[in-house]
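A.B. asks: Here it is, the structure, as structure tokens.
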Amino acid sequence: MKKLLLTLAAVAALTAQAQQFEVVSTQQLSVGVEDVFHPKFTPDGKSLLVSSAGYDGIGIIDIKSQKYQKITDMRGAGWMPAISEDGKTLVVRQKDDEIQGNSLFSINLNTLERTAILQKADHFNQINFVNGKVSVGLQGKVTTKQVTRPISAVQVPNEIFVAEEDLKIAVYNNGRRIELDPLQGQFGSWDPQYIWVSLSPDKTKILFHCSNNAYVCDINGKNLVNLGHMGCPQWRGNSHVVGHRESHDGYYLTKGEILIVGADGKNLQQLSTSSSEIKTFPAVSADGSQIAYHTEDGKLYLMTIKEK
């Protein structure tokens with residue numbers, strides 16, 4: 001018994017040391033529509049893009065007024081949408097079941113005018129939208145189109161983006177594609193399958209999920225860091241990662257909480273308060289001060305945090 005108490009005390013001490021963030025507030029957003037999922041912040045942090053549980057359709061919520069506006073009903077529009085740096089143009093996909101692929105559209109968020117960018121293309125995941133130009137990886141090559149006027153006159157000298165393609169990590173660097181397999185050989189004969197792939201804001205590290213854990217590596221697939229059991233990992237700046245941790249009884253989810261951890265794998269902290277609500281799919285504002293997430297039954301929450 002004494003040994004157990006000492007062990008619990010040690011765990012408590014480690015947990016206390018890991019509390020790098022203070023949760024200032026957590027509020028449920030009452031947006032006037034039921035069942036909103038998969039939040040994504042606009043660049044200014046004032047609005048949230050939301051979709052259905054199956055990523056069909058997309059709408060926008062003004063956080064201050066909590067008013068919801070539908071943007072489109074297109075199938076698949078809520079899966080990894082991209083928004084311009086000025087927050088005026090949205091780029092979304094439309095699923096095409098006939099070819100098991102996607103079409104790509106830009107939407108003016110002021111007028112809701114829709115313009116076709118790419119029609120009936122093979123399947124792609126990430127949409128890179130920088131300085132008015134949209135890029136996607138198709139059949140091992142970069143397909144690009146200037147959608148809006150360049151927001152900045154400064155051109156990006158080293159254009160790099162990452163994507164998950166056929167459950168592999170693809171890095172596109174100035175049009176050249178490199179496929180990474182940072183976990184190669186770590187699961188015996190099982191071939192690692194990579195999802196939730198994203199590039200850090202400073203474009204030096206890659207975040208991904210594989211076999212229930214989240215990982216970070218450099219853009220060459222080296223210097224691997226295991227962040228532990230974490231789903232839907234999202235960058236908070238270049239130094240931290242936010243995600244959710246789920247538990248299940250073999251049939252159903254029983255718990256879901258929001259976590260944050262250093263990109264070096266240190267100082268894991270649970271941000272949400274444990275409850276019966278299953279909290280999943282967090283999104284982080286550009287300044288890192290807010291985290292939005294939804295519950296399994298479609299409630300939307302906004303959490304404000306600050307670093308101690």
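The values are calculated or read from the model by the stated rules, or taken from the named source; none is laboratory data. Small disclaimer: the values here were computed from a predicted structure and weren't measured. FYI the Cβ positions are ideal-geometry reconstructions off the backbone, even for glycines, and counts take in every protein chain you see.
A.B. asks: Given the criteria within 22 Å of I278 (Cα to Cα), in contact (Cβ under 8 Å) with a residue 12 or more places away in the chain and over 16 Å from the mean Cα position of the chain (by Cα), does D44 qualify?
C.D. replies: Here the answer is no, as D44 does not meet what is asked.
A.B. asks: Here is a check on your reading of the model: is V136 touching a strand residue (DSSP E or B) at 6+ places or on another chain (Cβ under 9 Å), surrounded by 18 or more Cβ atoms within 10 Å (Cβ to Cβ), β-branched (V, I, T) and over 24 Å from G45 (Cα atoms)?
C.D. replies: yes
A.B. asks: Filtering the stretch 68-85 down to residues that are closer than 26 Å to T304 by Cβ and free of Cβ contacts under 8 Å to residues at least 40 places away in the same chain, which residue is surrounded by the fewest Cβ atoms within 10 Å (Cβ to Cβ)?
C.D. replies: Q69
A.B. asks: Quick check on this structure: which one of L224, L207 is within 25 Å of Y301 (Cα to Cα) and out of contact with any Lys or Arg (no Cβ under 9 Å at 6 or more places or on another chain)?
C.D. replies: L207 is the lone residue from the list that is within 25 Å of Y301 (Cα to Cα) and out of contact with any Lys or Arg (no Cβ under 9 Å at 6 or more places or on another chain).
A.B. asks: Here is a further query. Within the bounds of the stretch 263-283, is there any residue that is in a loop (DSSP other than H, G, I, E, B), within 23 Å of V24 (Cβ to Cβ) and within 16 Å of the chain's Cα centre (by Cα)?
C.D. replies: Checking the stretch 263-283: at least one residue is in a loop (DSSP other than H, G, I, E, B), within 23 Å of V24 (Cβ to Cβ) and within 16 Å of the chain's Cα centre (by Cα).
A.B. asks: Then there is this: Restricting the search to the stretch 55-67, which residues are free of Cβ contacts under 8 Å to residues at least 40 places away in the same chain, farther than 18 Å from E113 by Cα and surrounded by 14 or more Cβ atoms within 10 Å (Cβ to Cβ)?
C.D. replies: Correct list: Y55, D56, D62, Q66.
A.B. asks: Yes or no: the stretch 116-127 includes at least one residue that is buried (at least 18 other Cβ atoms within 10 Å of the Cβ) and over 30 Å from N174 (Cβ atoms).
C.D. replies: No, there is no match, as no residue in the stretch 116-127 is buried (at least 18 other Cβ atoms within 10 Å of the Cβ) and over 30 Å from N174 (Cβ atoms).
A.B. asks: What's the total number of residues in the stretch 284-308 that are modelled with pLDDT of 95 or more, surrounded by fewer than 16 Cβ atoms within 10 Å (Cβ to Cβ) and assigned to a loop (DSSP other than H, G, I, E, B)?
C.D. replies: So the count comes out to 3.
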